[in-house]
Amino acid sequence: MPWLRLAAAGLVLLAAPGRALAADWALTGALGAHDPGIIKEENTWWAFSTGPGIPVKHSPDGLAWAQGAPVFPSELAWWRTYAPTMGPNDVWAPDVHRFAGRTWCYYCVSEFGKNNSAIGLTSCSSVAVGDWRDDGLVLGSAAGTDSFNALDPDLVVDSAGNPWLVYGSYFDGIHVVRLDPATMKPTGSATSIASRPNGIEGSNIVLHGGYYTLFASIDQCCQGVNSTYKIAFGRSLAITGPYVDLSGAAMLGGGGTVLDSSGARWKGPGGESVYDDGNGWVIAFHAYDAQNSGAPTLMISDLYWDAGGWPSLAAPAPPAAPVFTTQPLSVAVAGGMVALDAFASNAPAYQWMRGGTVPVAGATGPILVLDDASSALGSYTCVATNAAGTATSTAAVVSLAGSSDPGRMINLSCRALVGTGANILITGFVVGGQGTSGSVPVLIRASGPAIAAAPFNVSGTLSDPGLQVDMLGGAGGAVPVASNSGWAGSPAISEAASSVGAFAWGNPSSADSAVETTLAAGPYTAEVSGAAGDTGVALAEVYDATPGGSRVASSPRLVNLSARVAVGTGANVLIAGFVIGGSSARTVLVRASGPAIAAAPYNVPGTLPDPQLTLARPGPGGVVSANTAWGGAAAITGAAAGVGAFGWSDPASRDSAILVTLPPGAYTATVAGAAGDTGVALVEVYEVP
C-alpha cells in the first residue's frame with residue numbers, strides 16, 4: 001500500500017453517501033477513463049481503458065496521469081467478423097497482467113446490447129517498450145447462437161500457477177475457463193460462476209488468503225449520472241466456485257456483497273481492476289462525475305482485507321493487544337514428548353519462557369514441544385507480542401507422574417451421520433504400542449436407539465445399527481473378526497460396559513449392537529451401517545477393557561482412531577471422542593483432513609474444503625485447543641511422521657491439526673465446515689510416544 005507516498009502528495013479521504021470510508025488516491029491530469037485496467041512496471045503506472053484502440057495513460061507515481069498512445073492505431077481486420085456494427089476502432093474493457101515473462105492484454109469488441117462479441121489478445125515484452133503483438137481471437141459469441149457473451153475478460157493465475165480466463169456479462173452471466181499456457185487461449189470447458197437478473201459484468205478474480213475473491217460490476221452501466229453500477233464481491237476456495245457473498249448467498253443465484261456504490265458526486269462505480277502493486281492492494285475503477293456532466297473518470301482506492309479475509313474499502317482499525325484464547329495445560333507425565341499449546345488473538349509473535357524469565361531457544365510458535373519431558377520439568381509461560389502490546393499466558397507446570405498406571409487411550413468413539421454404500425460409518429483403530437506380541441480385551445459398540453433415549457435425546461438416529469469388526473492387512477485384505485446386529489440384552493455386554501465406564505443401555509430388546517472380544521496388535525475397522533439399508537446418526541465406541549492394575553507401559557493398547565464420514569451442520573457435524581486413562585498425561589495428535597484427502601493418491605470426491613477442528617473436555621470453558629488451517633507447522637509435520645500418519649503436502653491447505661499433551665480425562669474432537677459448509681472429512685487421533 002503506497003500510503004507514505006500518498007500522504008506526501010496530500011491524501012484525500014472521501015466519505016460520500018453510499019461509499020465506505022476509503023483511502024482514495026488524489027489523482028490529477030488526464031483522468032477520463034471507462035473500465036480501467038492497471039499495471040505497474042518498475043516505477044511507472046499504466047492504465048488501459050475502453051475507447052478508440054485502447055487508450056493508455058501513464059504515471060510516475062500513480063497520482064499524476066498523462067495520456068499516451070493507444071495500443072491499436074487502427075482496427076484489426078478480424079474484429080468486425082464478430083462485431084459487424086461495432087463503433088470505429090471501439091475496443092472495450094482491457095485487462096493487463098504480467099505472466100510467464102510477457103505482458104498480456106485481453107480486450108473485447110462488441111455491439112452494444114448484443115452478444116455479437118469477441119475477446120482478443122495482444123501481448124508485449126513490456127508496456128514501456130510497446131512492442132505489441134496481435135495474438136488473435138481468444139473466444140467469440142454470436143447473437144441467436146450462443147447464450148454467453150464474449151465480453152469483459154480477466155486473466156487470473158491459480159495457486160498452482162495455472163492461467164485462467166474470467167469473462168461474461170448480462171445474458172448468462174460470468175464464466176471461468178482454463179487457459180493453455182502455451183497459447184494463452186482456452187482449453188477444456190467453461191464453468192459458470194455468477195449470474196444476476198439485473199445485470200452482472202466487468203468481473204475479475206484475485207487470490208488472497210487462500211480464497212479466490214470474485215469482484216463484479218452489477219446493475220446498470222453507461223448512463224452517466226443515472227447509472228446504477230455497483231462493485232460487488234463473493235469468494236470461493238476453488239477457482240471454479242461455488243462463490244458466495246458475506247451472507248452466504250450464492251453468486252450463481254444473484255448474490256454479491258456490495259463493496260462500493262453511488263455517492264453524492266461519484267455515480268455508478270464499476271469496471272474495476274483489483275491489483276497488488278507489491279506494497280499492498282488497490283482497486284481502480286471508473287465513476288461518473290456529477291460535477292462534470294457525468295464524465296467517466298478514473299478512480300483508484302486502497303483495498304483492504306478484514307480479519308475474515310473479505311475485501312473492504314475501510315482501513316482496518318489499529319491492532320488490539322494479544323489476548324490468549326487457549327491457555328497451556330499443566331501436565332504430569334511419565335516421560336516422552338510433551339506439547340503445550342497457547343494461542344493468542346491479533347496476530348502476535350510468540351516466545352515461550354521457562355521459569356518466567358528464561359526464553360526457550362527456538363520456541364517462537366504457539367506450540368511448545370519438549371522432546372524429553374523428564375529433562376525439562378518446570379513451569380512454562382508463553383509471551384505473545386504485537387505492535388499494540390504484550391500478553392502472558394497462565395503458567396503450565398510439567399511434572400513427573402508415578403508409573404503404576406501409565407496414561408493411555410482407553411476409549412475411542414465417533415458420532416456421525418451413517419449413510420449407505422461408501423457413506424456408512426467406518427471407524428478405524430489401531431492396537432499397538434511398544435509391545436506387539438500380546439493382545440487387548442475390547443468392547444466395541446454401535447449405538448442408535450440408545451442415544452435417541454434420555455438423557456441424550458439425539459434426533460434422527462439410526463434405528464438398527466449393524467456392527468462389523470475386521471482386521472486389516474495381510475494377503476487376504478480385511479479379515480472378519482466379529483459382528484452383531486442387536487445385542488439382545490447380553491449380560492456379558494452389560495458387565496463389560498459397566499467395567500469400562502460406558503453409559504448403560506437400558507433397553508435389552510433394542511437394536512443397538514456390540515461385540516466383546518480380544519484383539520492382537522494391528523489395524524482394525526468397526527463398520528456401522530443400517531441393517532435394513534436405512535440411515536441416521538450413530539455412535540461407534542471402542543473400549544480398552546484391560547483392568548487398570550494390569551496396564552503397563554510396554555503392553556499393547558489403543559493408539560489410533562480414525563473415521564471418514566460426511567460432515568453436515570448442526571447436530572450432524574463429525575464428533576470423535578476419546579478418553580485418556582491412568583495417572584499420567586498423554587500427548588496426542590488430532591487431525592481433520594479435507595483438502596488432503598481430495599488430492600492424489602486418495603482423490604476422495606466431495607470433501608470438506610475447510611475443516612475446522614475443536615478439541616474440548618466436559619465442563620465450562622472446556623475448549624482445550626482449536627485450529628482452522630494448520631499453516632505447515634513443523635511440530636505437526638514432525639509428530640505426523642513420528643506416528644506414521646500420511647503426509648500433508650500443502651502447507652497452505654485448510655486441513656487442521658492439534659498437537660497437545662492432555663491430562664487423564666474425556667475429550668471430544670469436533671470437525672465442522674469453517675464457513676458452515678459440508679463435505680467428506682477424515683478425523684484422526686494418534687497417541688504420540
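A short reminder: the numbers here are calculations on the coordinates, not readings from a lab. All values reported here derive from a predicted model rather than from experimental measurement. Every residue, glycine as well, gets a Cβ built from its backbone with ideal geometry; the counts of neighbours run over all protein chains shown.
Here are some notes:
- When the alpha carbon gyration tensor of region 22-73 is reduced to an equivalent ellipsoid, the three semi-axes, largest first, read 18, 12, 10 Å.
- The Cα-based radius of gyration of region 461-515, divided by its Kirkwood radius, gives an Rg/Rh of 1.07.
- For the pair region 645-688 / region 459-508, the C-alpha centres are spaced 26 Å from each other.
- Stokes-Einstein diffusion for region 570-611 at 25 °C, viscosity 0.890 mPa s, with a Kirkwood radius from C-alpha pairs, works out to 187 µm²/s.
- Residue exposure proxy: H175, H97, ordered by other Cβ atoms within 10 angstrom of their Cβ from fewest to most, comes out as H97, H175.
- Simple rule: put +1 on each Lys or Arg Cβ and -1 on each Asp or Glu Cβ in region 408-688, find the dipole, and look at V604, V590, L467; the Cα lying farthest toward the positive end is V590.
- Derived scalar couplings ³J(HN,Hα) [region 177-188; Karplus, 6.51 cos²θ - 1.76 cosθ + 1.60; whole Hz; x for Gly, Pro]: 9, 6, 9, 7, x, 6, 10, 6, 10, x, 9, x
- Normalised by 2.2 N^0.38 Å, with N the number of residues, the alpha-carbon radius of gyration of region 161-214 equals 1.20.
- Each of E272, E541, E201, E41 was scored by other Cβ atoms within 10 Å of its Cβ. Arranged with the fewest first, they read E41, E541, E201, E272.
- √(5λ) per eigenvalue of the Cα gyration tensor, region 3-312, largest first, Å: 26, 23, 20
- Applying both filters, DSSP loop and at most 14 other Cβ atoms within 10 Å, to the chymotrypsin sites (Phe, Trp or Tyr not before Pro) of region 578-640 gives Y602.
- For region 213-274 versus region 344-388, the gap between their alpha-carbon centres in whole angstrom: 45
- A Cβ-based charge dipole, computed about the Cα centre of region 3-312 with Lys and Arg at +1 and Asp and Glu at -1, lands at about 180 debye.
- Value of Rg to Rh for region 100-175 (Rh from inverse mean 1/r over Cα pairs, i.e. Kirkwood): 1.03
- Distance between region 282-316 and region 89-154 - C-alpha centres, whole angstrom: 24
- For region 598-615, Karplus couplings with θ = phi - 60° (6.51, -1.76, 1.60), whole Hz, Gly/Pro x: 7, 7, 5, x, 7, 6, 6, x, x, 6, 6, x, 9, x, 9, 10, 10, 10
- Region 324-400, relative contact order in percent, only Cα pairs under 8 angstrom and at least six apart counted: 39
- Average 1/r across all pairs of distinct alpha carbons in region 564-668, invert it, and you get the Kirkwood radius: 14.8 Å.
- Region 513-639 - Kirkwood radius from inverse mean 1/r over Cα pairs (Å): 17.8
- This ranking places S509, S217, S301 by how few other beta-carbon atoms lie within 10 Å of each, fewest first, which gives S509, S301, S217.
- Computed Kirkwood radius, in angstrom, where 1/r is averaged over Cα pairs of the chain: 28.6
- Here region 408-688 is assigned +1 on the Cβ of each Lys and Arg and -1 on the Cβ of each Asp and Glu. Its dipole about the Cα centre then comes out at about 540 debye.
- Solitary cysteines of the chain, where the nearest other Cys Cβ is not under 4.7 Å: C105, C108, C124, C382, C414
- The chain - charge dipole about Cα centre, Lys and Arg +1 at Cβ, Asp and Glu -1, debye rounded to 20: 860
- Spatial extent of region 408-688: Rg and Dmax, with the Cα atoms as the point set, Å: 17.7, 52
- Here the mean projected area of the convex hull built on the C-alpha positions of region 197-267 is 5.1 nm².
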